[in-house]
């Protein structure tokens, strides 16, 4: 079956990126670089891209087609043998009960809560801020290639339609769409990112932003005014084969030098050990019966060792 071959290729990407967010980042990055998925038609004469809003309908339709709790998925299954390609995209937004907000609530601005810098183990797990840092309302993690930011969203702002999300090469801003003066997260990034390839998702009460670094290096902090992380605690998971050839050659040179140094050190330890044993034997024989040195201070320099 075709899906088995596709699953094998996609599984390779998933294993490489390790997370769902990283996997989706690869998929949407591919679509942007190799298709007209992100091109919006300006008029009917435009032969590439989609009319405004159609791209979002396609995404909703694709997601709901495989959602076991979605009516669209059930209708597709009842069709018998239809793989869902012909199923129409979902154009109605599904609103969860937890997102219901009264008009009074929606009109009143939420309290602006600037991030406070303190460890919050109950809100984020260590894997959420691996090689990064954690604060009261957000955390960040990194690999050599990419950065992921997780932001806790206020109760009445846990839907995409309630948020304004601005991602630039060296700036991130998340604010309330109903009340733009309310800032949920904002800061100047300490290093540049490939902002055109950034991907964000909302998972339960969190906004997750994933982006590739402009340069492959370890960041000391997420935002300019953040505290510096402990670089010694960074866990580097990159294999040497993935590094540039020049870097591989440098590492190999250092490895050979280290092996030579270890060998020399081991030789010195072995030599010293043998020398100590010889001195112990000389000391025992110095005062032995019949020794010409008995009763004299021990002086190994007068003894010639062949």
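Readers should treat all values here as calculations from the given coordinates under stated rules, not as data from a laboratory. Computed from a predicted model, the values in this text were never measured in an experiment. Every residue, glycine as well, gets a Cβ built from its backbone with ideal geometry; the counts of neighbours run over all protein chains shown.
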per DSSP, antiparallel bridges as share of beta bridges in the range 126-237, % nearest 5, sits at 100
Rounded to two decimals, the Debye log10 I(q)/I(0) of the range 126-237 (Cα scatterers, no solvent) at q = 0.10, 0.20 Å⁻¹ is -0.27, -1.08
Dividing the mean separation of Cα pairs under 8 Å (6+ apart) by the residue count of the range 130-175 yields a relative contact order in percent of 20
In this structure, the FRET efficiency calculated for residue 145 and residue 276 from their beta-carbon separation, with R0 = 35 Å, to the nearest 0.05, is 0.10
Binned at 5 Å from zero, the C-alpha pair distances of the range 120-162 give percents of 6, 23, 27, 17, 16, 10, 2
Here FRET efficiency (C-beta to C-beta, residue 43 to residue 164, R₀ 35 Å, nearest 0.05) is 0.80
Assertion target for 211, 139, ordered by fewest C-beta neighbours within 10 angstrom first, is 211, 139
